[in-house]
Amino acid sequence: MRAQFQHTIAKRIEIVGCGIHSGDPAKVAINPGQPNAGIVFVRRGQQGTADRMIAVSPGAVRNTEFATVLGDGNGALCSTVEHVLAAFLGLGIDNAVIEVDGNELPILDGSAAPFVEAIDAVGLRVQTVPRRFLKVLKPIRVEEGLASGELLPFDGGFRLEVDIEFEHKLIGHQRYAATLSPDVFRRDLARARTFGFMSDVAKLWSAGYARGASLENTVCLAEDRVLNPEGLRYRDEFVRHKALDAVGDLALAGMPILGCYRSVRGGHRLNALVVAALVADSAAATVVQPSGRRDHGQAGVGVPAAVPAYGADLS
């Protein structure tokens, strides 16, 4: 029954680290959110400027090159939001306020696990307001070259089917598929780290990226081996991290999705484009609430009433 109601964190969390792209110190404070408020980032004011609020929505996306970057349209940015958003969606957190000092969230160990551990340490608070879901009503598909992403109707909760293909012999073709639940997220996805290739380092640095990357926060691949002394956390950690990123990027929809997401050779850009396509089609999805007969993540979620998925204020 608890899963039918909205959740927030029980108390404030503070996390510090460095930004993977800037290399600068990064700090976030995650606060409980009010019912129906969703996930909101607060870009802390710098040098006397006011704090800026950035609500998670498809219209807030400003960049998807190497990370998902959100902004308010007036210059305030929050970069690398995908891992904390994945932790929220994966654990069933509907409402939270994330205060960010600087332009980038800390990368920590390159996965969502530190966020999950911090959330588990304080626990969740059940809010006496029904949880809202975005139910996919018809297929939405986006293609870019060999990459494709699509959302499909699915009555069993939120399902992920992710395929990747890399020429590197330690990756090749990998596939991950599962119906998401907090237990599945913790076990299968939360600990999967971001990865990169030694051959790309100089190019990334010259473009202003990956200046905070290290073997402490990135799985690094040479031509024939993994350079991290501890090796991989999962045999197929690469596709699991892509699935983790997809969970975080699909949180841009503003509420948990009831549907199946299929991604082939995808990334942040493709994920964001699929969510944007969903928003652009008013007949593609609707907001529903559980009837009380079944919990989130189970088949047959009741639909007592349907309302349009997106209002006029969401661009």
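The values are calculated or read from the model by the stated rules, or taken from the named source; none is laboratory data. Quick caveat: nothing in here was measured; it's all calculated off a predicted structure. Positions of Cβ are backbone-derived with ideal geometry, glycine not excepted, and every protein chain shown enters the neighbour counts. Each accessible area value is taken on the protein alone, full model and side chains, heavy atoms only, with ligands, DNA and RNA left out. Shrake-Rupley method; radii C 1.70, N 1.55, O 1.52, S 1.80 Å.
As an exercise, use a Förster radius of 41 Å and the Cβ-Cβ distance of Ser214 and Gln34 to find the FRET efficiency, rounded to the nearest 0.05.
With a Förster radius of 41 Å, E is 0.60.
For the chain, there are no membrane-span-like helices by this rule, meaning no whole DSSP H stretch whose C-alpha atoms cover at least 27 Å of axis and whose Kyte-Doolittle mean is -0.5 or above; this says nothing about an actual membrane. With all projection directions averaged, the alpha carbon convex hull of the stretch 178-298 covers 9.8 nm².
Output needed for the stretch 75-230: three equivalent-ellipsoid semi-axes, defined as square roots of 5 times the C-alpha gyration tensor eigenvalues, in descending order, whole Å.
Gyration-tensor ellipsoid for the stretch 75-230: 29, 22, 17 Å.
Leaving out ligands, DNA and RNA, and with a 1.4 Å probe, what % of the accessible surface on the chain is carbon or sulfur? Its accessible area is 51 percent carbon and sulfur atoms.
Computed over the Cα atoms, what is the radius of gyration of the stretch 200-251 divided by 2.2 N^0.38 Å, N being its residue count? Walk me through the numbers before you get to the answer.
Working: Rg = 12.8 Å, N = 52, 2.2 N^0.38 = 9.9 Å.
After normalising by residue count via 2.2 N^0.38 Å, the value is 1.30.
Sorted largest first, the spans of the alpha carbon positions of the stretch 1-160 along the three principal axes are 49, 44, 30 Å. The ratio of the alpha-carbon radius of gyration of the chain to the globular-protein estimate 2.2 N^0.38 Å is 0.95.
With each label modelled as a point 7 angstrom along the Cα→C-beta vector, the Arg125-Arg12 pair spans 1.3 nm. Model label points for Lys169 and Asp236, set 7 angstrom from Cα along the Cα-to-Cβ axis, are 2.2 nm apart. Note on the stretch 15-74: the C-alpha convex hull projects to 5.3 nm² when averaged across all orientations.
Backbone N atoms of the stretch 85-101 closer than 17 Å to the 7 Å Cα→Cβ label point of Arg187 belong to residues 90-92. In this Cβ point-charge picture (+1 for Lys and Arg, -1 for Asp and Glu), the stretch 201-245 has a dipole of about 120 debye about its Cα centre.
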